[in-house]
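Below is one structure, written out as structure tokens; comments come after it.
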Amino acid sequence: MVLEAIEGQTEAVELLGRAVETGRVAHAWAFIGPPGAGRSTTALAFAKALVAPSDAAAASRVDRGLHPDVHLIGPTPPAGNPKGAPALRIENVRELERMAALKPAEAPWKVFIVNEAETMSGAAPQAFLKTLEEPPARTVIVLILTQVRALPATVLSRCQIVRFRPRAATGAVALLPGGEREDRGRALDWLAQAEARGADAVLQIGETVGRDRDAALATVETCWLWYRDLLCALGGAGARLAVFAARAAGPRGAGAPPSGSSEVQRPASRQRSLDEVLAGLTACREAWQAIQGNVSPRLTVEVLLSRLTKAA
């Protein structure tokens, strides 16, 4: 099966493979994960498994964008303003509805792959909801987006969610999360600001987070990973085992970029005692539990950064 060629996303491939093999294919799917995780590649492989399971020529047409039953839809600039911000607008959704109402041209299924679904603007999500509530027969829609909260819950509740793990960087130790993601860099920047400026920075960061649960989760996880690196350093582990090896200068590093540097700030990586590191890990664990218990994202981040700067 063409899906088996997808690497690094075992759970996603197994879920999609079972759906194809049993014929129990949901009419709508949401492929959720960071850029570079293979969501679009997997969506195309899924489409080929549905419309061309044993037809190499038809599968080749899918790859070239020439198959009449596989449609790729993505954000476009506003009509009459080619330099405007690309988005999925209501006219894109109307066109999808029109094509979905047609019978498949030659395959058993029609597949629509909607890239960057989080860019739906205005009334587009509500219009798209109607299509999900009354799906045309033999039609599969795959939404590709970065996070669960990027679309209204009413839309995603009608989709089969498939989560994609970040791909490990080349040469990274297996099972270690990547440290170069944008949200991780931002969280390290925030931790550095909190350590440097104290309460004023903490409150400012909390205001930035606001109600954004995903930003709060990324911040908590990043802080936990930073303190995990510090614990590894205390134990004598090499830099290869550090998630943030590219950002940290080691346990006795200066901890901040030179004046005028454009690099992302990072927390001071000075030598900490074992008790300090364990206290930081405890604070991260309790912050994670707080978010799972529906404590507000802003409050969770403010309390965590306050505790970590105190421990530092």
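The values are calculated or read from the model by the stated rules, or taken from the named source; none is laboratory data. In this text the structure is predicted, and so the values were computed from the model without any measurement. Here Cβ is always computed from backbone atoms with ideal geometry, including for glycine, and neighbour counts include all displayed protein chains. Heads up: the accessible areas ignore ligands, DNA and RNA and are worked out on the full protein's heavy atoms, side chains in. Shrake-Rupley method; radii C 1.70, N 1.55, O 1.52, S 1.80 Å.
Within segment 86-107, track down each residue that is open to solvent by 70 Å² or more (accessible area, probe 1.4 Å), farther than 24 Å from D63 by Cβ and not charged (D, E, K, R). Passing the criteria: only A101. If the condition is being at pLDDT 90 or above, hydrophobic (A, V, I, L, M, F, W, C) and open to solvent by 50 Å² or more (accessible area, probe 1.4 Å), then segment 181-217 contributes A199, L203. Looking across segment 35-51 at every residue that is more than 14 Å from A5 (Cβ to Cβ) and in a loop (DSSP other than H, G, I, E, B), the one that is most open to solvent (accessible area, probe 1.4 Å) is identified as P35. Of all residues in segment 52-63, those that are without any contact (Cβ under 8 Å) to a residue 24 or more places away in the chain and open to solvent by 10 Å² or more (accessible area, probe 1.4 Å) total 7.
Exactly one residue among K110, K83 is open to solvent by 70 Å² or more (accessible area, probe 1.4 Å) and either more than 26 Å from the chain's Cα centre (by Cα) or more than 24 Å from I6 (Cβ to Cβ) (or both), and that residue is K83.
Could you tell me whether T282 is modelled with pLDDT of 75 or more, under 25 Å from the mean Cα position of the chain (by Cα) and not aliphatic (A, V, I, L, M)? No, not satisfied.
Yes/no matrix, rows are residues, columns are (1) closer than 24 Å to R213 by Cβ; (2) over 19 Å from the mean Cα position of the chain (by Cα); (3) open to solvent by 50 Å² or more (accessible area, probe 1.4 Å); (4) at pLDDT 90 or above:
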| position | (1), (2), (3), (4) |
| --- | --- |
| A137 | no, yes, yes, no |
| V140 | no, yes, no, yes |
| L145 | yes, no, no, yes |
| A150 | yes, no, no, no |
| C159 | yes, no, no, yes |
| R163 | yes, no, yes, yes |
| G171 | no, yes, yes, no |
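To keep it simple, each residue is scored yes or no on (1) outside any helix (DSSP H, G or I); (2) more than 26 Å from P125 (Cα to Cα); (3) in contact (Cβ under 8 Å) with a residue 12 or more places away in the chain.
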site	(1), (2), (3)
P68	yes, no, yes
P82	yes, no, no
V93	no, no, yes
R98	no, no, no
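Of all residues in segment 64-80, those satisfying the criterion of being surrounded by 12 or more Cβ atoms within 10 Å (Cβ to Cβ) and closer than 14 Å to K48 by Cα are H67, P68, D69, V70, H71, L72. Restricting segment 117-134 to residues that are out of contact with any strand residue (DSSP E or B) (no Cβ under 7 Å at 6 or more places or on another chain) and in a loop (DSSP other than H, G, I, E, B), the residue that is least open to solvent (accessible area, probe 1.4 Å) is A123.
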